[in-house]
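Asker: Please read through the structure below; I'll follow up with questions.
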Amino acid sequence: MPVFRPLAGNRQLRLPPFGGYLIIVAGWFFGFGLQTTLFPGVITFTLGESPERLSLAQAALTAPMALLLPLAGILAERVDRRGILFYCHLGAGIASLILAALLTTGGLSYSILVIFALTVGVAGGLVIPARDSAINPIVRISARTRHGGIELQRAVVMASAVQFGAQIAGMAVGYFAGTIGPAALFFMQGVGLVIGGLAAAFVPRLGAKRHAPDSHALRDLKDGLDAVLHSPVLMPMTAIMVAIGVFIVGGAFLVLIPILLRENYGASFEALSSLMVVFWLGAFIANVALVKFGHIEKPGRAVLLAQGVTVLAVGAFAIPIPFWGIYPLVLAWGLGAGVAISLSRAVVQEQAPPDKLARVMSVYQLGLFGGMPAGILLMGPVVGAIGARSAALIPMVGLGVVLLAIAIFTPILSVKRGQTHALPPAEEDDDAKTE
């Protein structure tokens, strides 16, 4: 790694472990927040594409993540995760800067946006398990430094709060796409991604686990999948992620909402951006509350209740409410999502065997990002055929049925904080090694 190693080897540029991790999170999700508004906005409002074309473009963004996540989890356990984060952040950032230049010169087209989506999707597929599995060693490293330690669940909640805050900032900036044009904002997205990538080089080493010489990648992948499928907690948590990916993020968030705004309210960039801000503001408020009021003793129960709020909020889009009425619905949706995202991630971090953490996290995230393309491709034609309002009943019923089945047939409601149901680890890792 000719660029990464000189930067990572400079001890004078080292950042506090957890502080540097938060910069990585903020850099990625600021760009992600901007993209959440800009990408569907350009396709829907600037190009005026159909729901089917919007769904195909959104699938190009999410499908690479689904394809790469399983192997990316194995990669994150075998190499220094800082290098993965560094190069993927820079790759996505450069792609954003190139897109900004093409937009400035009048080179905007649907095919270019699809190529951009594929590029960012590949980077995201590699980044997710490397970033999510890094928080455990970051917490352990922090406990052994002068910067002080932090408990894992609190660290996950704080990282989620930074994630939501950065997304809110990105989406708020996206409000001005209709005024100053999307090119300048794609440029800002690229800068944010590059900053996050540079921060990855300046945190302590996040090395690879000790694996046997004859360890095979496919065998490692199977071990991670088995750890999820054989756990009474990890399996239903992953199943919830699949349902959220199919019905909520892919179906409702990425397809239904932009079309609903255009077809039923005649709205544009400003409305889409403001609704995204309200959603993630709700998620941010929920995480601030989780940090302030301490631990949730039964996080599984809280996750199901929070997702129940999502079911009710999404279903309410089927009602012909006035435009202002969408905002409290989206706020409630965001509050529930904030609780569910943070606590479910914390539960998986606690339940996963330490020697399989990156692989388990990649399978868990695969539930979300594998479900998203399916939901996108399903919802696009449905919205085009029956309209956005009627289509809102599909994610409501789909997620509701999944949550009810999990509440009845799994022990999720009784899981307590720190109570381990996963298989014990077979070996220790050395990625918490300080330099």
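The values are calculated or read from the model by the stated rules, or taken from the named source; none is laboratory data. Predicted model only: the values in this text are computed from it and were never measured. Counting neighbours? That spans all protein chains shown, and the Cβs are built from the backbone with ideal geometry, glycine included. The accessibility values were calculated without ligands, DNA or RNA, using every heavy atom of the protein model including side chains. Shrake-Rupley method; radii C 1.70, N 1.55, O 1.52, S 1.80 Å.
Asker: Could you give the size of the charge dipole of the range 290-409 about its Cα centre, using +1 on the Cβ of each K and R and -1 on the Cβ of each D and E, expressed in debye and rounded to the nearest 20?
Answerer: Numbers: 7 positive and 3 negative charges, 10 e Å.
Roughly 40 debye for the range 290-409.
Asker: So, with a 1.4 angstrom probe, what is the percent of accessible area on the chain that is carbon and sulfur?
Answerer: Heavy-atom surface of the chain belonging to carbon and sulfur, 1.4 Å probe: 70 percent.
Asker: Going toward the positive end of the dipole of the chain, with +1 on Lys and Arg Cβ and -1 on Asp and Glu Cβ, which of Gly400, Met188, Ser109 do you reach last?
Answerer: Checked the options; the winner is Met188.
Asker: Here's a follow-up. Suppose all protein chains stay in the model; what accessible area per residue would a 1.4 Å probe give for the chain, in Å²? Provide the component values of the computation, followed by the final result.
Answerer: Details: 16210 Å² over 435 residues.
Per residue, the chain has 37 Å² of solvent-accessible surface.
Asker: Which of the residue pairs Lys292/Lys356; Lys222/Lys292; Lys356/Lys416 have a Cα-Cα distance greater than 27 Å in the structure shown?
Answerer: Lys292/Lys356; Lys222/Lys292
Asker: A follow-up question, please. Identify which of Val233, Val120, Val402 has the largest mean-square fluctuation in a Gaussian network model of the chain, with springs joining Cα atoms closer than 10 Å.
Answerer: Comparing Val233, Val120, Val402 in a Gaussian network model of the chain, the most mobile one is Val402.
Asker: For the pair Leu229 and Ser111, what calculated FRET efficiency results from E = 1/(1 + (r/R0)^6), where r is the Cβ-Cβ distance and R0 = 30 Å, to the nearest 0.05?
Answerer: It comes to 0.15.
Asker: To the nearest 500 deg cm²/dmol, what mean residue ellipticity at 222 nm is calculated for the chain from DSSP H runs of n ≥ 4 alone, each contributing -39,500 (n - 2.57), summed and divided by the residues? Intermediate values should be presented prior to the final figure.
Answerer: Numbers: 17 runs with 314 residues, N = 435.
Value at 222 nm, helices only: -24500 deg cm²/dmol.
Asker: Now, a different point. What list of ³J(HN,Hα) couplings, whole Hz, do you get for the range 57-63 from phi and the Karplus terms 6.51, -1.76, 1.60, once you set θ to phi - 60° and write x for glycine and proline?
Answerer: 5, 5, 5, 4, 7, 9, 4
Asker: Considering Cα pairs under 8 angstrom that are at least six residues apart, work out the relative contact order of the chain and quote it in whole percent.
Answerer: It rounds to 29 percent for the chain.
Asker: Same structure, new question: Running a GNM on the chain with Cα contacts under 10 Å, which residue among Ser273, Ser231, Ser362 ends up with the highest mean-square fluctuation?
Answerer: With Cα springs under 10 Å in the chain, the top fluctuation among Ser273, Ser231, Ser362 is at Ser231.
Asker: Counting only C-alpha contacts under 8 Å and six or more residues apart, can you give the relative contact order of the range 57-208 as a whole percent?
Answerer: Over the range 57-208, the number comes to 46 percent.
Asker: Now, a different point. What is the local net charge at Leu256, summed over the other residues whose Cβ is closer than 13 Å to its Cβ (Lys, Arg +1; Asp, Glu -1)?
Answerer: On the way: positive: Arg262, Arg389; negative: Glu263.
It works out to a net charge of +1.
Asker: Something else about it: Once you've got the GNM for the chain with C-alpha springs shorter than 10 Å, pick whichever of Pro182, Pro411, Pro40 has the biggest mean-square fluctuation.
Answerer: Ranking Pro182, Pro411, Pro40 by mean-square fluctuation puts Pro411 first.
Asker: Related question: Report the gain in length on full extension from Tyr265 to Leu312: 0.36 nm times residue separation, minus Cα-Cα distance, nm rounded to one decimal.
Answerer: So the chain would gain 14.8 nm between Tyr265 and Leu312.
Asker: Another question about this same structure. With only Lys, Arg, Asp and Glu charged, each at its Cβ (+1 for the first two, -1 for the last two), find how big the charge dipole of the chain is about the Cα centre; round to the nearest 20 debye.
Answerer: For this selection, approximately 720 debye.
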